[in-house]
Amino acid sequence: MNENRLPGDITFVFENDEQVYKVNVEYLQHDWYTDVISFDYNEGKRINGDIIISVDRVKENAAKFKTEPEDELRRVMIHGVLHLLGYEDDTDEKKEKMRRREDKYLAEWKKTEEDQQGGKI
């Protein structure tokens, strides 16, 4: 990702629906299930944070949106990092902007992986 920020420490935590729900209620006072929660510990331009992902929700969303679970997981991981970068999704306009960034970085991730599998660097 090139967002004019420096890489720091990002921890991904993979949990089930119930654990992520508990975190959502306790820390964000959101009484609903979600696929990803990001906790921002950024320091200046350095990106640091914890990203908690519901594996149950990822699997369910992959089936719902007819995509591969691996692609959905990557999208949710990217989504969490975008939150650390300051992107929000609390309006339709912001959701659309975030979705475009997700699509961009998901395509770059796949391209990099394809290049590496093909012996290219």
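What follows is calculated from the coordinates using simple rules that are stated; it is not laboratory data. Because the structure is predicted, anything quoted here is derived from the model rather than measured. Neighbour counts are summed over all protein chains in view; Cβ atoms, including those assigned to glycine, are modelled from backbone coordinates with ideal geometry.
Using a Förster distance of 41 Å, how high is the FRET efficiency between LYS66 and ASP31, based on the Cβ-Cβ distance and rounded to 0.05?
The formula returns an efficiency of 0.90 here.
How much mean residue ellipticity at 222 nm does the chain get from its helices, if each DSSP H run of length 4 or more adds -39500 (n - 2.57) and you divide by all residues, to the nearest 500 deg cm²/dmol? Spell out each step's value before the answer.
Values: 4 runs with 64 residues, N = 121.
It comes out at -17500 deg cm²/dmol, rounded to the nearest 500.
Pairs of alpha-carbon atoms within less than 8 angstrom and 6+ residues apart define the contacts here; what relative contact order does the chain have, in percent?
That works out to 22 percent.
Give me the lysines in straight-line cross-link reach of LYS104: C-alpha distance below 28 Å, same-chain residues under 8 apart excluded.
Hits, sequence-local ones excluded: LYS45, LYS59, LYS64, LYS66, LYS94, LYS95, LYS120.
Nearest 20 debye, what's the magnitude of the dipole of the chain about its Cα centre given +1 on Lys and Arg Cβ and -1 on Asp and Glu Cβ?
500 debye
What's the extension gain from PHE14 to TRP109 if we count 0.36 nm per residue and subtract their Cα-Cα distance?
32.2 nm
Whole-Hz ³J(HN,Hα) for each residue in segment 95-103, computed from phi via Karplus 6.51 cos²θ - 1.76 cosθ + 1.60 with θ = phi - 60°, x for glycine and proline: what do you get?
For segment 95-103, the Karplus curve yields 4, 5, 4, 5, 4, 4, 5, 4, 4 Hz.
Restricting to the chain, what percent of DSSP beta bridges are antiparallel, rounded to 5?
Of all bridge pairs located within the chain, approximately 45 percent are antiparallel.
Using Cα springs under 10 Å in a Gaussian network model of the chain, which residue among LEU85, LEU28, LEU73 shows the largest mean-square fluctuation?
Top of the fluctuation ranking is LEU28.
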